[in-house]
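The values are calculated or read from the model by the stated rules, or taken from the named source; none is laboratory data. This is a predicted model, so every value here is computed, not measured. Reconstructed Cβ throughout: ideal geometry from the backbone, glycine too, with neighbour counts over all protein chains shown. Calculation scope for accessible area: heavy atoms of the full protein, side chains included, ligands and nucleic acids excluded. Shrake-Rupley method; radii C 1.70, N 1.55, O 1.52, S 1.80 Å.
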Amino acid sequence: MSDTLTKLTYQTFQQGKNYFGLAHKTLSARLLNLISPVEQQAKPIPIEVIPKLQQRLDNLLEIDWQDAERGIYPTSLLFDNPWQDFFQYYPVVCLDIFQMWERAKQKKYQDFPPNVETSGYPSYYVQNFHHQTDGYLSDLSANLYDLQVEILFGGTADPMRRRILAPLKEELRFFADTVSQQVRILDVACGTGRTLKMIRAALPQASLSGTDLSPAYLRKANELLSQIPGELPQLLQANAEELPYLDNYFHAVTSVFLFHELPAAVRQRVIEQCYRVTKPGGVFIICDSIQMSDSPEMELLMENFHEIYHEPYYKHYMTDDLVERLEKAGFENVEVQVHFMSKYLIAHKPV
């Protein structure tokens, strides 16, 4: 297949996912409002913001394609889609919408059935983030999560995750004398393992580790990662406030879509832990939501996200200075990038 045809196929694939996500959200909202009306919370997006959103999406897809073409990761990763999970779990996602809708209407933010164990977790974690059933604490939630996030972001969750790979490979050049198999990378709050799967594709020889608070999500991650070639990443259940690793152990640490779900003080403690376990000369890369400092024109979308979805720490996150937090922990030369609805902080630990 020629590069031109492959690129066109990729763009069509991504636009198709975008239209599907939009259609799903529009139709489900109309149906639920018909069955169980609720006061309108989301404010309509100003017409002048829509072309800016489209341009951001186009730019994201272009750089995603360019990184694959440059060999940052295999082109096959552009078309990686869990089709089996889609056909198996999409009907469940649709049915679960009714529970999420009622939970949101009744403002039930800590709604867990008796069979879901909630003791032993930090209070900030025992939440129905996004109003999702069981929060992050059940196998059902873990099975539905990736599909729910893909719908939420219109099929762009993976392209946004992949933006950590180019700076990750670039910064690891500092350790060029280290044998590939001895390069250690940690993904904090690895969830279902999607990011670790991408890192494995980009760095097939590296030694990978992942931590998460949820045993259910770690089970899902192990299921996903055991299906791909290479050494199985080491997964540990752990609180990112107390990472169970030696000082100066990892050549690189990553964290994707974590910090907007943490209280401010916890954000700082997690950053300090990431600094502690990163080797001198190593890199810490954060991927998370855009903020007011880099995307003021998207303020309404950020406000809508805060209002529609249960994200109790997001409003503070919108204006939090993550660069200042990183520098306070000891990182330096913090680079900031923005791609579509995510921002990236590439922070270096001094030698």
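For the reader, a short list of remarks on this structure follows.
- Scanning the range 1-28 for residues that are open to solvent by 90 Å² or more (accessible area, probe 1.4 Å) and modelled with pLDDT under 90, we see that the one that is farthest from D58 (Cα to Cα) is M1.
- Counted as qualifying within the range 180-251 are the strands (runs of 3 or more DSSP E) with 2 or more residues that are open to solvent by 10 Å² or more (accessible area, probe 1.4 Å), namely 207-212, 234-237.
- Selection count, the range 304-335, where residues are of a type in the set (S, T, N, Q) and open to solvent by 40 Å² or more (accessible area, probe 1.4 Å): 2
- Which listed residue is open to solvent by 40 Å² or more (accessible area, probe 1.4 Å) and out of contact with any helix residue (DSSP H, G or I) (no Cβ under 6 Å at 6 or more places or on another chain), from Y121, Y145, Y125: Y121
- Restricting the range 78-112 to residues that are open to solvent by 90 Å² or more (accessible area, probe 1.4 Å) and closer than 22 Å to T12 by Cβ, the residue that is nearest to the chain's Cα centre (by Cα): W83
- So P37, is it in a loop (DSSP other than H, G, I, E, B) and farther than 23 Å from V338 by Cβ: yes
- Of the residues R173, R163, the single one that is part of a helix (DSSP H, G or I) and buried (at least 21 other Cβ atoms within 10 Å of the Cβ) is R163.
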